[in-house]
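Single-structure report; data block below.
The values are calculated or read from the model by the stated rules, or taken from the named source; none is laboratory data. Note that the structure is predicted; figures quoted are calculated from it, not measured. As a convention, Cβ positions derive from the backbone with ideal geometry for all residues, glycine included, and neighbour counts pool all protein chains shown.
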Amino acid sequence: MDAEIFSFPGNEIEISRDAFACALGYSQDSMPAPLVESIEDVLENGHALCKIEGGYKIISSVHFDRKSYSLMVDCQSFNVKKVVFQQLRKVESIALFACTAGNEIVNRSRELMKEGELLKGYVYDVFGSLVVEEAMDRVQNTLRSKMQEEGLRITNRYSPGYCGWDVSEQKKLFSLLPKNFCGIKLTDSCLMHPIKSVSGIIGIGKSAKFNQYTCNLCDEEDCLYRNLRHKTVSSS
């Protein structure tokens with residue numbers, strides 16, 4: 001299947017103050033005044049700095065190796081490890097995805113830090129992370145709707161670097177996507193550029209299962225989204 005790519009302006013992505021507070025480890029009422037001021041600044045000015053592109057490519061050729069917890073997607077073998085493998089083992093095809101918020105939000109964060117505005121620079125950095133995740137939620141929802149029309153379901157999305165899946169497998173993932181997909185490139189250490197980008201896989205099939213909260217499955221302790229996702233599910 002040909003890749004699907006979407007682009008939209010940052011002002012179409014809504015980041016709430018409550019989500020911001022949660023991502024930073026606060027309740028909205030407990031944030032110190034300087035932090036509130038920085039958040040207000042980024043919510044007013046940050047969206048214009050985000051140039052969002054995201055998309056996916058569906059590959060129907062997928063095979064499973066239960067002994068090694070690996071997936072063979074097209075011509076590439078992904079050693080996703082046990083946690084991710086267990087969530088994908090019943091799917092019939094795989095959607096490879098990538099999404100970015102672009103370079104400008106990162107550049108603004110770095111400029112502020114160089115000027116001594118360390119708190120504000122950090123808030124802009126967190127904002128970029130929140131935006132790209134929300135943007136990918138939007139891309140994933142588009143995929144979900146399209147699959148539902150075909151009587152299929154999707155799983156959660158899973159990325160190299162989490163749940164034991166080695167980040168070096170980014171190279172394999174991007175080798176199956178069109179060159180320069182969504183303007184994202186890999187460094188020699190397999191990190192994405194622009195930095196505020198996400199990539200990974202989503203399972204598709206009649207028996208695919210989407211879990212509202214999967215952070216309990218993951219051993220990643222320093223994840224920005226653990227508390228955010230948990231709060232979202234708890235309040236729904």
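Selection within region 19-44: residues that are surrounded by fewer than 16 Cβ atoms within 10 Å (Cβ to Cβ) and either among the acidic types (Asp, Glu) or in contact (Cβ under 8 Å) with a residue 40 or more places away in the chain (or both). The member of this set that is nearest to Phe181 (Cα to Cα) is Glu44.
Among the conditions (1) more than 17 Å from the chain's Cα centre (by Cα); (2) modelled with pLDDT of 95 or more; (3) closer than 17 Å to Asp125 by Cα, Ala101 misses just one, which is (1). Within region 131-162, the set of residues being under 16 Å from Ile59 (Cα atoms) and either of a type in the set (Gly, Ala, Ser) or not in a loop (DSSP other than H, G, I, E, B) (or both) comprises Gln140, Leu143, Arg144, Lys146, Met147, Arg153, Ile154, Thr155, Arg157, Tyr158. Listed conditions (1) over 17 Å from the mean Cα position of the chain (by Cα); (2) of a type outside the set (Phe, Trp, Tyr); (3) in a helix (DSSP H, G or I) are all met by Ala19, apart from (1). The residue list Lys231, Lys209, Lys172 contains one member that is modelled with pLDDT under 90 and of a type in the set (Lys, Arg), which is Lys231. Residues of region 101-113 that are under 20 Å from Phe181 (Cβ atoms), in a helix (DSSP H, G or I) and of a type in the set (A, V, I, L, M, F, W, C): Ile105, Val106. Figure legend. Inter-residue proximity from region 143-164: first residues without any contact (Cβ under 8 Å) to a residue 40 or more places away in the chain, second residues among the hydrophobic types (A, V, I, L, M, F, W, C) and surrounded by fewer than 17 Cβ atoms within 10 Å (Cβ to Cβ), beta-carbon distance below 6 Å, spacing 6+ or different chains. Indicated pairs: Gly161/Val167. On the stretch given as region 178-204, residues that are more than 21 Å from Val131 (Cβ to Cβ) and either surrounded by 20 or more Cβ atoms within 10 Å (Cβ to Cβ) or under 14 Å from the mean Cα position of the chain (by Cα) (or both) total 3. Those strands (runs of 3 or more DSSP E) of region 24-100 in which 2 or more residues are over 18 Å from Ser207 (Cα atoms), in contact with a strand residue (DSSP E or B) (Cβ under 6 Å, 6 or more places away or on another chain) and not aromatic (Phe, Trp, Tyr) occupy 51-59, 70-73, 93-100. Quick check on region 17-29. Is at least one of its residues of a type outside the set (D, E, K, R) and farther than 18 Å from Asp125 by Cβ? Yes, because at least one residue in region 17-29 is of a type outside the set (D, E, K, R) and farther than 18 Å from Asp125 by Cβ. Checking the stated criteria, Cys218 turns out to be in contact with a Cys (Cβ under 6 Å, 6 or more places away or on another chain) and at pLDDT below 95. The test for being of a type in the set (Val, Ile, Thr), closer than 24 Å to Ala3 by Cα and either surrounded by 15 or more Cβ atoms within 10 Å (Cβ to Cβ) or modelled with pLDDT of 95 or more (or both) does not hold for Val83. Between Gly128, Gly116, the distinction of being more than 26 Å from Tyr69 (Cα to Cα), part of a loop (DSSP other than H, G, I, E, B) and either β-branched (Val, Ile, Thr) or at pLDDT 95 or above (or both) belongs to Gly116 only. Per the conditions (1) under 16 Å from Val62 (Cβ atoms); (2) under 16 Å from the mean Cα position of the chain (by Cα), the sole criterion not satisfied by Lys172 is (2).
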